[in-house]
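These notes are about the structure you will find just below.
The values are calculated or read from the model by the stated rules, or taken from the named source; none is laboratory data. Remember, predicted model here, so these are calculated numbers, not experimental data. Ideal geometry is used to build each Cβ from the backbone, glycine not excepted, and the neighbour counts take in all protein chains shown. Areas reflect the complete protein model, heavy atoms only, side chains present, ligands, DNA and RNA absent. Shrake-Rupley method; radii C 1.70, N 1.55, O 1.52, S 1.80 Å.
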Amino acid sequence: MATKLNPLKPIRVWLTPPGPNPWKVVFLFEELGLNYEIKSFSFADVKKKPFTDVNPNGRVPAIEDPNTGLTLWESGAIYQYIVELYDTDKRLTHEALNDRHLCNQWLHFQMSGQGPYFGQAGWFQHLHPEKIPSAIERYTAEIKRVLGVLDGALAAAKPAAGDGARWLVGGKMTFADMAFVPWDFRLAEVLLQSWDEVWEGLPHARAWHERMVELPSWKRSMEHRARLMDEQGLQWNGVPKGIETFTEYEEKIARGEQ
Amino acid sequence: MNGDLENSTPLQSMQRIALLGSHLTSTRNKPSHKMAETKSDIHLYTAQTPNGIKVSMLLEELGLPYKVTAIEISKNTQKEPWFLDINPNGRIPALTDTLPDGSPVRLFESGSIMQYLVDRYDTEHKLSYPRGTAEYYEVNSWLFWQMGGLGPMQGQANHFARYAPEKIQYGIDRYQNETRRLYRVMDTQLSKSTSGYLVGDRLTIADIACWGWVAAGSWAGIRMDGLDHLNAWLDKVLTHPGCEKGRHVPSRHTMLDNRNKTEEELDKAAQKTRAWVQQGMKEDAKK
Ligand SMILES: N[C@@H](CCC(=O)N[C@@H](CS)C(=O)NCC(=O)O)C(=O)O
Ligand SMILES: N[C@@H](CCC(=O)N[C@@H](CS)C(=O)NCC(=O)O)C(=O)O
C-alpha cells in the first residue's frame, strides 16, 4: 500500500447523486484509498454554469485535480488518468502492454456498449411518460446481449489461484471490472425483473458482479450516495420522497409536474 | 509544494503533470519502445462504417502497413465463430498484431484500438501527445465522449430514422436532438481552438474518432447548418492524405454525398440496410 502516490490535495469530483456514472469514479477513489472530495449538486443544473465550465458537455462526473491543475470529464478518461497517475503499485491495472490495452478495451466496451444502452433502457422503462414497447424491447435485448458477452468472456477466463474468482483481464480485479458495477447494480430496476431473473443463464457474470459489490469500497460509495440522495430529498431509486412508486412518479412526469 | 501549485500558471501545472507522468512512465518505456516501431504485423477486420474507418484512417496517417479483411455486416460475418474468437462482441472493427516477444494481440472497440496504436507506434507524437501531458488526457476525454456519447446516440438516431420497423417519432426526435446537441458541443470546442482541431495544435485520435460519425450526420438526419466550425473541420481533416486514403477502406466512403440528398432519397437508400438490421434484431430477441 505504501507505494501508492496519494495526492496532497483532495481531487474534487463533481456529481449529481442519482445516476450510476459518477459512482464509478467514487468507487475507484475508495478502492485506491485516494484523497478526494465530492461536490454534489442537483441534476437540474448539469447543463448550466458553473458546471458547464468544468464540462462543456454538461454530464457528470467530472474531476478537478489541484495537484496537477487538470480538469477532466468522461468517466472512462477519468479512470485511465487516475490509474496511470495514482495507482503506482499497479494494484488495479497491469504492467504489460498487452494486458494494459485489454483493460482499456473492456473499459471502452463498458463506456460504449454497456452505459448508453442500459441508460436508454432505464429511460424507456421508467422515465418516458408513454410506453413504447418496441423501444423497451430493443434496449432490454441489448442489455441481455451485453451481459452474455461478459459472461462468455468470464467463462473463458482462467480462475484465479486461491479463491477461483474470474476477472476480465490477467487473473485479478482491475479498473476494467470495476467500471461495470454501477450499471449492473441497477439491473433489477432497469429491467423490472427479480435479481434471479436478471442473471438467469449468466452464472459467471453474476458471481463476478456479486463479488465486487461486497467490497468495502463499493459499500462506502453507496453510503455516500444514500447520504447525498437524502440531502436532496430523493429516495434510493431517484424518486422524490413522499412519492411511493415509480408509477406514481411517472404519472406526475406525464402530467408535467416534474 | 502546496503553495507552489496554487500559484502556478497553467503552463507550470502542465509541466507538473509532465513531471508526474514521466515519473510514472519511466519504468514502462522499455528501451525497445524508444524508437518508433516500423515493423508491424497488423491485421484489421473492418467494414465501411464510421467505426471501421477510424482505424484505417489512423493506420494510414501513421504510415503503418496492414492487412485488411472486409467483413460483410449484411451477411453477419461478424457473428461467425472465427470472428467471435477475435471479438466476442461480434462487431467491427477488430485488430490483431504481434508483440516484439512474439505474443499475439487481439483487440476490439475502436477507441481502445486507437489508443493501442498511438501508444505503441506513434512514439514521435505525430497524432498524439506524450503520456503525462494535459493534452494527452484531454484527448481521452474527447475520445470517450465519442465512444460513449456521439457514437451510441447517433447510432440510435440512425436506427429510429432509417431502420426501425415502425416509425416512432419520439425515438427519432430524441436521438436526433441529442446528436445535434453533441455536434454543438463539438462546434463550440472547435470555435475556441486556434488549430481547428479538438485538442491542442494537432490532429489526434479524438478528431479521427469523431470524423466518420460527423461525416454521416446527414444520413442520420442531423441538420448541419449553423455549425460552421464543425463543417470546416470536416474538410480540414481530409487535407491529411492518410485520412483521405483511410476513409475509403475497405471500400469507397460515400457518406459525404448524402449532404445534398433529399429525405426521400435517403429513405430509399436505407431500405437494403433496414432488412439486415431487422433480421439481426429478430435473432437477438430469440436468444
Ligand atoms: N463501440 C464499438 C461499436 C462498434 C460497432 O457499432 N460496430 C458496428 C459497425 S459500425 C457493427 O459491427 N455492427 C454489427 C452488428 O451489430 O451486428 C466500437 O467503437 O468499436
Ligand atoms: N445491432 C445494431 C446494428 C447497427 C449498428 O451496428 N450500428 C452501429 C453503427 S454502424 C452503431 O450504432 N454503433 C454504435 C456505436 O458505435 O457506439 C443496432 O440495432 O443498432
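Residues of the range B:99-127 buried by at least 30 Å² of accessible area upon assembly of all protein chains, compared with the chain on its own (1.4 Å probe): B:LEU99, B:LEU107, B:PHE108, B:GLU109, B:SER112, B:GLN115, B:TYR116, B:ASP119.
In the protein assembly as shown, with Lys and Arg counted as +1 and Asp and Glu as -1 at Cβ, which of these residues, B:GLY242, A:ALA77, B:LEU182, has the Cα nearest the positive end of the dipole, that is, farthest along it? Sorting the options by dipole projection puts first B:GLY242. Its DSSP H runs of at least 4 residues, each contributing -39,500 (n - 2.57), put the calculated 222 nm mean residue ellipticity of chain B at -16000 deg cm²/dmol, to the nearest 500. Rounded to the nearest 10 square angstrom, B:ILE73 shows an accessible area of 40 square angstrom against a 1.4 Å probe. Give the lysines reachable from B:LYS272 as a straight Cα distance under 26 Å; neighbours fewer than 8 places away on the same chain don't count. Partners found: B:LYS54, B:LYS75, B:LYS79, B:LYS167, B:LYS261, B:LYS282, B:LYS286, B:LYS287. Rg and Dmax over the alpha-carbon atoms of the range B:58-203 stand at 18.1, 54 Å. Taking the Cα centre of chain A as reference, the dipole from Cβ charges on Lys and Arg (+1) and Asp and Glu (-1) amounts to some 440 debye. Phi angles of the range B:116-125 translate, via the Karplus equation with coefficients 6.51, -1.76, 1.60 and θ = phi - 60°, into HN-Hα couplings of 4, 5, 6, 4, 8, 10, 9, 5, 8, 6 Hz per residue; Gly and Pro are given as x.
Dipole of the range A:114-190 computed with +1 at Lys/Arg Cβ and -1 at Asp/Glu Cβ about the Cα centre; of A:PHE124, A:ALA141, A:ALA160, farthest Cα towards the positive end is A:ALA160. Full extension of the segment from A:GLU210 to A:ASP196, taken as 0.36 nm per residue of separation minus the current Cα-Cα distance, would add 3.8 nm. Less than 5 angstrom separates the built amide H of A:VAL46 from none of the residues sequence-distant by 5 or more or on a different chain. With protein chains left intact and a 1.4 Å probe, residues in the protein assembly as shown average 42 Å² of accessible area per residue.
Placing unit charges on the Cβ atoms of the charged side chains and taking the dipole of the protein assembly as shown about its Cα centre, the candidate lying farthest along the positive direction among A:HIS101, B:GLY102, B:TYR66 is B:TYR66. If a spin label sat at a point 7 angstrom from the Cα of B:ASN260 along the line to its beta carbon, the backbone N atoms of the range B:204-221 nearer than 20 Å would be those of B:215-221.
Quick one: dipole size for the range B:69-208, taken about the Cα centre, charges +1 on Lys/Arg Cβ and -1 on Asp/Glu Cβ, in debye to the nearest 20.
It comes to approximately 520 debye.
Across the range B:51-68, computed HN-Hα scalar couplings (Karplus, 6.51 cos²θ - 1.76 cosθ + 1.60, θ = phi - 60°) run 6, x, 6, 3, 6, 5, 4, 5, 4, 5, 4, 7, x, 8, x, 7, 8, 10 Hz from first to last residue, x flagging Gly and Pro. Spin-label model, A:GLU223 to A:LYS241: label points 7 Å out along the Cα-to-beta-carbon direction sit 2.0 nm apart.
Taking all protein chains together, B:THR96, B:THR204 sort by accessible area into B:THR96, B:THR204, largest first [probe 1.4 Å]. Placing dummy labels 7 Å off each Cα toward the beta-carbon, the span from B:ASP267 to A:ASP45 is 4.5 nm.
Here's how it looks for A:THR16: its modeled amide H is under 5 Å from those of A:PHE41, which are all 5 or more places away or on a different chain. Shown in residue order for the range B:152-157 are the 3J(HN,Hα) couplings computed by the Karplus curve 6.51 cos²θ - 1.76 cosθ + 1.60 at θ = phi - 60°: x, 6, 5, x, 6, 4 Hz (x for Gly and Pro). The charge dipole of the protein assembly as shown, taken about its Cα centre with unit charges on the Cβ atoms of Lys, Arg (+1), Asp and Glu (-1) only, comes to about 580 debye.
Our summary gives chain A a relative contact order of 21 percent, counting only alpha carbon pairs under 8 angstrom and 6 or more residues apart.
Just so you know, the averaged projected area of the alpha carbon convex hull for the protein assembly as shown sits at 24.8 nm². When the alpha carbon gyration tensor of chain B is reduced to an equivalent ellipsoid, the three semi-axes, largest first, read 34, 25, 17 Å. Per the accessible-area calculation with a 1.4 Å probe, the total area buried between chain B and chain A rounds to 5000 Å².
Hey, any idea what % of the protein assembly as shown's accessible area is carbon plus sulfur with a 1.4 Å probe?
53 percent
Residues whose amide H comes within less than 5 Å of that of B:THR69, counting only those at least five positions distant or on another chain, are B:LEU44, B:TYR45, B:THR46 (H built at 1.01 Å from N in the peptide plane). Ignoring lysines fewer than eight residues from A:LYS172 along the same chain, the ones with Cα atoms less than 16 angstrom from its Cα are A:LYS90, A:LYS158. Mind checking the log10 I(q)/I(0) for chain A at q = 0.08, 0.11, 0.12, 0.16 Å⁻¹? Debye, one equal scatterer per Cα, no solvent, two decimals. With one equal scatterer per Cα and no solvent, log10 I(q)/I(0) is -0.33, -0.63, -0.75, -1.33.
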